[in-house]
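J.: First, the structure itself, so that you have it in front of you.
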Amino acid sequence: MQEPDVSSVVPIEELTFEAGRLCLNFTNTAEWHASDQPTEHLHSYGDLVRWAQQAEILTGDRAEYLVEESNRRSEEATQVLDQAIILRESIYRIFSAVAADRSPKPDDLDSLNIALSESLRWLQVSQTTEGFTWTWGGDAAALDQMLWPVARSAARLLTSEELDRVRECTDDRGCGYLFMDTSRNRSRKWCDMRGCGNRAKARRHYRRVQADNNSNS
């Protein structure tokens, strides 16, 4: 495996949300996930809150409130960050295995189920002007509340008919980006044609030129 080029790593505020599912977007908070040198974006509880706000899990007011709470409960905030990374890595390994047509490890499913059982106790039905909908209740000061919809998203995807559309970028440097393949013929291989896809295309072209040169020499 080649060493990834980290010169283009973007700050957490500029991460894209194009994976197609909340849980997959969460796994992509670590870049070059399949390499020997993943790049971490969640360095603090504040990073986790900012990501959740960008993901539209948290409103601006709620995000600000949780950051203030985390300053008063710093030890708990650190524990939640550790919990988030453990959950993220379990979800990544589960869907990386699915994308490779392998069975996920039981320990990773156990980790997801623990997070899921915690989250589902806060899920409730609420009435709106248009009928009824699922909403999140529970303690408004819970520092781990952004993880509840992530765990539910992973469970819903695992049990959906679209599970076979989960892909992992095939870049040989270990990109590890997970995404939903929505192409008509389900042939998408890379996270982005402008990045890993373009590199693969250029590499194939180079090999063809080299082969032509060798055959003509």
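The values are calculated or read from the model by the stated rules, or taken from the named source; none is laboratory data. Remember, predicted model here, so these are calculated numbers, not experimental data. All Cβ positions, even for glycine, are placed from backbone atoms using ideal geometry, and neighbour counts span all protein chains on display.
J.: In the range 58-69, which residue that is touching a helix residue (DSSP H, G or I) at 6+ places or on another chain (Cβ under 7 Å) and in a helix (DSSP H, G or I) is farthest from Asp82 (Cα to Cα)?
T.: Gly60
J.: Output the qualifying pairs, or none if there are none: Cβ atoms under 6 angstrom, residues six or more apart or on different chains, first residue in the range 167-195 and closer than 11 Å to Ala34 by Cβ and modelled with pLDDT of 90 or more, second residue among the aromatic types (Phe, Trp, Tyr) and surrounded by 17 or more Cβ atoms within 10 Å (Cβ to Cβ).
T.: Listed by first residue and then by second, the contacts come to Cys169/Tyr177; Cys169/Trp190; Leu178/Phe95.
J.: Would you please list the contacts, defined by Cβ atoms under 6 Å and residues six or more apart or on different chains, that run from a residue in the range 134-155 that is farther than 13 Å from Asn25 by Cα to a residue that is among the charged types (D, E, K, R) and at pLDDT 95 or above?
T.: Ala141/Glu69; Leu143/Glu76
J.: Right, something else. Residues to consider are Asp144, Asp101, Asp107; find the one that is on the phi > 0 side of the Ramachandran plot and either modelled with pLDDT of 95 or more or crowded, with 16+ Cβ neighbours inside 10 Å (or both).
T.: Asp101
J.: Residue check, Gly137 against (1) surrounded by 20 or more Cβ atoms within 10 Å (Cβ to Cβ); (2) touching a Leu at 6+ places or on another chain (Cβ under 9 Å); (3) at pLDDT below 95, all met but one. Which one?
T.: (1)
J.: Taking into account only those residues within the range 84-97 that are crowded, with 18+ Cβ neighbours inside 10 Å and not hydrophobic (A, V, I, L, M, F, W, C), which is nearest to Phe26 (Cα to Cα)?
T.: Selected residue: Arg88.
J.: From the residues in the range 63-80 that are touching a residue at least 40 places away in the same chain (Cβ under 8 Å) and within 22 Å of the chain's Cα centre (by Cα), which one is surrounded by the most Cβ atoms within 10 Å (Cβ to Cβ)?
T.: Out of the qualifying residues, it is Leu66.
J.: Within the range 147-187, how many residues turn out to be surrounded by fewer than 21 Cβ atoms within 10 Å (Cβ to Cβ), touching a helix residue (DSSP H, G or I) at 6+ places or on another chain (Cβ under 9 Å) and among the charged types (D, E, K, R)?
T.: 7
J.: Another question, then. Just the residues that are in a helix (DSSP H, G or I) and either of a type in the set (Lys, Arg) or surrounded by 21 or more Cβ atoms within 10 Å (Cβ to Cβ) (or both), please, taken from the range 27-57.
T.: Thr27, Tyr45, Leu48, Val49, Arg50, Trp51, Ala52 - these are the residues of the range 27-57 that are in a helix (DSSP H, G or I) and either of a type in the set (Lys, Arg) or surrounded by 21 or more Cβ atoms within 10 Å (Cβ to Cβ) (or both).
J.: Read through the list (1) farther than 18 Å from Arg152 by Cβ; (2) in contact with a His (Cβ under 6 Å, 6 or more places away or on another chain), then give the number of the only condition that Thr29 fails.
T.: Only one criterion in (1) farther than 18 Å from Arg152 by Cβ; (2) in contact with a His (Cβ under 6 Å, 6 or more places away or on another chain) is unmet by Thr29, namely (1).
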